[in-house]
Amino acid sequence: MNPIKSICCIGAGYVGGPTMAVIAQKNPQIKVTVVDINEQRIEAWNDEDLDKLPVYEPGLSEVIAEARGRNLFFSTEVNKAIEEAEMIFISVNTPTKTYGIGKGQAADLKFVELCARQIADVAKSDKIVVEKSTLPVRTAESIKRIFDATNGDVKFQILSNPEFLAEGTAIDDLHHADRILIGGDIETAEGNAAIEALVSVYESWIPRERIITTRVWSSELSKLTANAFLAQRISSINAVSALCEKTGADVDEVAHAIGKDSRIGSKFLKSSVGFGGSCFQKDILNLVYLCNHFGLPEVADYWEQVIILNDYQKHRFAKNIIDALFNTVSGKKISFLGWAFKKDTNDTRESAAIYVADELIQDKAQIHVYDPKVSAGQIKSDLLYLWTQRGLSPAEAEDLIDRSVTISSKPEEALSQSHAVAILTEWDEFKDYDWQGIYNNMLKPAFLFDGRNIINKEQLETIGFKVQSIGKG
Ligand code: UDX
Ligand code: UDX
């Protein structure tokens, strides 16, 4: 097969945008067009001002500056880009279903199916279609059925190429990937040729020995399994954090001690207020649904416990705040430092902050939020979405936001005259704040709840704060 000269990616989100930017950066000979139905998003990707890119990632604007306009293009002309490309990545969102069969667990594949139908309708020449979105096992089979039924004249090869980048470190993860996984039809010559075509795209910067090729089903399942294992480690250490609080052990010391065992390893052992992000919960629920579907309820229950424990951890954090503040936060100002689901990203999907805020607001707290990268509009829309999903009308939800949430662009504003500070995201800048000054401006006793264990507990206690960290008795 001739080397690929033209790539299209459908979906210019947190995955599609950065991934295609790096593919274009490392393959100047390939024209890469990223398309999206969201015009505003495409406009933002094309903005002259690189601070306005729709995704915040350290190092991303440099990559965009190098490749955009040279061989990297962002567009809303989906059909044109499909027609031109030899290889098409599907990187649209696959949220958890909110209706019908599989509601609350299964992945909603309507966008993936729409993309497949559009590709089938538009394609006039042979295409390699790459699943970049995380998908349930055997989705490639369904996509193939759509192609076979719609467009008999054109040959399609379907590959699975899951993305393992973590937000906040996406560019570094893409530049120095531990591994690239490509699943395809390894039984046929055409399948192997398609796999090799994608291998050669990555080989421009990733050593061949780090590129793993497998059967499609293995590749699809590996992505779900990798996320489930990572999330399981966090739930395991968070389970231990609850025990530490009862026994006087220190969860960071326990994590350090066990992480030194090379069989366990030190990563993903940081106890926290709970994991968030668009992937962990969605992918585990999807795994749970698949296990039940295939008649494996014990396996389903095993993985579901990872989510149950994570919900418990978020709830425990909120409850600790209410308990410490004399069993009520009604009318009290609680300052939130951080809203993003982790540092160095403006992404808030499934962020623990949303659920902790919700519990405190049910208890009539006044929440004042400061986050260095998340916009006020995003914070409001997160709560609006949660509450309307739960049955409030949009007007009722908006009214509740107006009455109970204040968003500040300066930390001093969010912190002054408050009853308690809660750290929800581990932004580095929080460590360097003038905590003595903050203390002086708070109501006493001044409480601090560190949901990320980033501040020095002893130092702040010396200032006078009543500090509660995660997993420290
Ligand atoms: C998404 C999924 O969440 C994840 O499971 C998968 O692994 C990769 O794709 P992400 O990039 O973070 O991750 O999603 P998001 O930021 O929501 O971007 C998806 C984009 O697809 C949106 O910009 C949306 O407008 C676009 N889209 C969606 C289309 O262009 N066409 C569609 O039919 C549907
Ligand atoms: C994750 C996977 O890491 C990545 O490989 C996959 O492609 C997508 O899902 P992401 O969700 O972007 O990436 O970030 P990650 O760094 O995994 O963090 C997820 C959540 O876990 C965050 O809320 C983070 O704060 C939390 N976390 C992570 C912990 O609480 N403790 C840890 O030790 C690590």
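Annotations
- The range 145-157, residues that are more than 16 Å from ligand 1 (Cβ to nearest atom), within 20 Å of Cys9 (Cβ to Cβ) and not in a loop (DSSP other than H, G, I, E, B): Phe147, Phe156, Gln157
- Total residues in the range 294-339 satisfying the condition of being buried (at least 17 other Cβ atoms within 10 Å of the Cβ) and assigned to a loop (DSSP other than H, G, I, E, B): the figure is 5.
So that you can scan it fast, the table gives a plain yes or no per residue for (1) out of contact with any helix residue (DSSP H, G or I) (no Cβ under 6 Å at 6 or more places or on another chain); (2) crowded, with 19+ Cβ neighbours inside 10 Å:
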site	(1), (2)
Ala397	no, yes
His419	yes, yes
Tyr439	no, no
Gly473	no, no
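- Pro372 fulfils the conditions (1) open to solvent by less than 60 Å² (accessible area, probe 1.4 Å); (2) in contact (Cβ under 8 Å) with a residue 60 or more places away in the chain; (3) part of a loop (DSSP other than H, G, I, E, B) except for a single criterion, (2).
- Just one of the listed residues (Thr188, Thr214) is of a type in the set (Ser, Thr, Tyr) and touching a Leu at 6+ places or on another chain (Cβ under 8 Å), and it is Thr214.
- Unique residue being at pLDDT 95 or above, within 15 Å of ligand 2 (Cβ to nearest atom) and either crowded, with 19+ Cβ neighbours inside 10 Å or among the charged types (D, E, K, R) (or both) when the list is Gly259, Gly265, Gly276: Gly276
- Residues satisfying the stated conditions in the range 180-191, i.e. among the small types (Gly, Ala, Ser) and either crowded, with 22+ Cβ neighbours inside 10 Å or in a strand (DSSP E or B) (or both): Gly183, Gly184
- All of Ala166, Ala177, Ala194 fail the test of being part of a helix (DSSP H, G or I) and under 18 Å from Lys132 (Cα atoms), apart from Ala194.
- Identification of helices (runs of 4 or more DSSP H) wholly contained in the range 1-73 with 2 or more residues that are open to solvent by 10 Å² or more (accessible area, probe 1.4 Å), closer than 24 Å to Thr134 by Cβ and more than 9 Å from ligand 1 (Cβ to nearest atom) yields 16-26.
- Criterion applied to Asp434, Asp344 was being modelled with pLDDT under 95 and surrounded by fewer than 22 Cβ atoms within 10 Å (Cβ to Cβ), and the one residue passing it is Asp344.
- Residue within the range 130-137 that is in a helix (DSSP H, G or I) and open to solvent by less than 30 Å² (accessible area, probe 1.4 Å) present: no
- Subset of the range 241-289 [under 18 Å from Ile454 (Cβ atoms), touching a residue at least 12 places away in the same chain (Cβ under 8 Å) and among the hydroxyl-bearing types (Ser, Thr, Tyr)]: Ser241, Ser271, Ser272
The values are calculated or read from the model by the stated rules, or taken from the named source; none is laboratory data. In this text the structure is predicted, and so the values were computed from the model without any measurement. Neighbour counts run over all protein chains shown; Cβ positions are idealised from the backbone, glycine included. Note: accessible area is taken over every heavy atom of the protein model, side chains too, but ligands, DNA and RNA are not part of it. Shrake-Rupley method; radii C 1.70, N 1.55, O 1.52, S 1.80 Å.
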